[in-house]
Amino acid sequence: MKTIGYAAESATSPLKPMEFDCRSLRHDDVAIEILYSGVCHSDLHTVKNDWGWTIYPNVPGHEIVGRVIEVGSAVHQYKVGDHVAVGCMVDSCQSCHHCHDGEEQFCVEGFTQTYNSPDRHTQDITKGGYAKHIVVRQEFVLSVPQSLDLAKTAPLLCAGITTYSPLRSWNVGPGSKVAVIGMGGLGHMAVKLAVAMGAHVTVVSRSHSKKDDALNLGADAFLISQDNDSMEKAAGQFDLIVDTVPVKHDVTPYIPLLKVDGTLTLVGQVGPLAEINSVPMILGRRRIAGSIIGGIAETQEMLDFCARMQVMPEVEMIKMQDINQAFERLERSDVHYRFVVGMQASDF
Ligand code: NAP
Ligand code: ZN
């Protein structure tokens, strides 16, 4: 099937329309017409080759909501017309112990990313959600609960699960004290999800500018990371800190905010951090950890949780042809709080 998407041809070229082939349906495949696609900072990192592993031309997008248009002969869970979603993974070995445990993100062979990964059968490079269509094996397709707004569901597929998973891994619930560093796409979802789980939530941001929004989203407190007095007063308070900062940074000032045995989990910067001082970790038996997206079963659990608790992202709707301006704004943290592309035939 021929389709069309927005592709970057190099680290410096703007995204523009490109035709490409979706693979022919395998027996276990679902063909999806994409209706909405969220814009994650990882898309921007990939297009700019920040991580050094981008293959061009690159069609990003891993927060996908669409409608089933065809299914393979072995697909029984989905039928034409269903609303479905796809996140950051489209395949894995399905046989290692991590895949069996529903944690495909740790597949011993490495999971196949929704874009920028070789297909496990053809070696063709996967292409993501900034397109009209995608074909995905059924195990990596999610059901969208009926009560969810389709456009607002898109950001849940990455920003939602990437923050839900560490909150669940570290058993956040009533009585937990959680801090979220960086209130962007991931950060604002971390706030909403932790609030919905019953936690006391503090946003740690670079300036005052997002304070009102943070409190409106349900946060209980707001800290400015540059304000040393307030940071000192907040020492020893938190069970868990979710760090969503997308660039190399120094985590040392945040570690004293943790209680004894508290954990700071990195979900933002993928790559080197600034040199870390061990003293606040040693003095408080504190930990620095990391977390990557979440498994398919946990992603479905998160979608169902969001439907039940009415947790939805704050979105700014854009057209596909405005993606380059959206990337510029995302780079400046000027988005409230996730761009979602509404796909229209006229965009291509
Ligand atoms: P985003 O919308 O740009 O949000 C990042 C936030 O971090 C900004 O809103 C800003 O918050 C803060 N920030 C930005 N630049 C900063 C700087 N130079 N110093 C300190 N703080 C800064 O990005 P996102 O889509 O949430 O993604 C965040 C990161 O997570 C990206 O690096 C992305 O690649 C990564 N990611 C990881 C996973 C995973 O599985 N681990 C999954 C998805 C994304 P304030 O204005 O409040 O300070
Ligand atoms: Zn993402």
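Quick notes
- For the range 1-129: rounded, prolate or oblate by the Cα gyration tensor [a/c cutoff 1.5]: oblate
- Simple label model, 7 Å out from Cα along Cβ direction - Asp220 to Glu19, nm: 5.8 nm
- Taking amide hydrogens as placed 1.01 Å from N in the peptide plane, the amide H of Phe339 sits under 5 Å from those of Val39, Glu316, each at least 5 positions away in sequence or on another chain.
- Among the chymotrypsin sites (Phe, Trp or Tyr not before Pro) in the range 7-61, those located in a DSSP loop and surrounded by at most 13 other Cβ atoms within 10 Å of their own Cβ are Trp51, Trp53.
- DSSP bridge pairs, the chain: antiparallel proportion in percent, nearest 5: 55 percent
- Carbon + sulfur, % of accessible area of the range 54-206 - ligands and nucleic acids excluded, 1.4 Å: 47 percent
- Rounded to whole Hz, the Karplus (6.51, -1.76, 1.60) HN-Hα couplings of the range 87-92, x for glycine and proline: x, 8, 10, 10, 5, 6
- The distance linking the range 237-302 with the range 123-202 is 18 Å (Cα centroid to Cα centroid, whole angstrom).
- When only Cα pairs below 8 angstrom with a gap of at least 6 residues are kept, the range 216-348 shows a relative contact order of 17 percent.
- Förster radius 22 Å - calculated FRET efficiency between Arg26 and Val80 (Cβ-Cβ, nearest 0.05): 0.85
- Between Asn171 and Thr122, the simple spin-label model (points 7 angstrom out along Cα→Cβ) gives 4.7 nm.
- DSSP-assigned coil residues among trypsin sites (Lys or Arg not before Pro) in the range 268-348, each with at most 15 further Cβ atoms within 10 Å: Arg285, Lys319, Arg332
- Around Gln226: net Lys/Arg minus Asp/Glu count, Cβ-Cβ under 13 Å: -3
- Long pairs among Lys48/Lys192; Lys127/Lys319; Lys16/Lys132; Lys127/Lys248; Lys152/Lys211, criterion Cα-Cα beyond 25 Å: Lys48/Lys192; Lys127/Lys248
- Equivalent ellipsoid semi-axes, the range 204-348, via Cα gyration tensor eigenvalues times 5, rooted, Å: 32, 19, 17
- The protection proxy used here, the mean number of other Cβ atoms lying within 10 Å of each residue, ranks peptides 123-135, 73-85, 257-269 as follows, highest first: 123-135, 257-269, 73-85.
- Each residue, Glu328 and Ala289, gets one label point 7 Å from its Cα in the Cβ direction; the gap between the two is 4.1 nm.
- At most 15 other Cβ within 10 Å, DSSP loop - trypsin sites (Lys or Arg not before Pro), the range 157-232: Arg206
- Built amide H within the under 5 Å cut-off of Phe20, gap 5+: Thr3, Ile4, Gly5
- Gained length - Cys96 relative to Asp250, 0.36 nm times residue gap less alpha-carbon distance: 51.9 nm
- Compared with the direct C-alpha span, the chain from Lys233 to Phe106 gains 41.9 nm at full extension, assuming 0.36 nm per residue.
The values are calculated or read from the model by the stated rules, or taken from the named source; none is laboratory data. Owing to the predicted nature of the structure, the values given are computational and were not obtained by experimental measurement. Cβ: placed from backbone, ideal geometry, glycine included. Neighbour counts: every protein chain shown. Ligands, DNA and RNA are stripped out before the accessible areas are found, and what is left, the full protein with its side chains, is counted by its heavy atoms. Shrake-Rupley method; radii C 1.70, N 1.55, O 1.52, S 1.80 Å.
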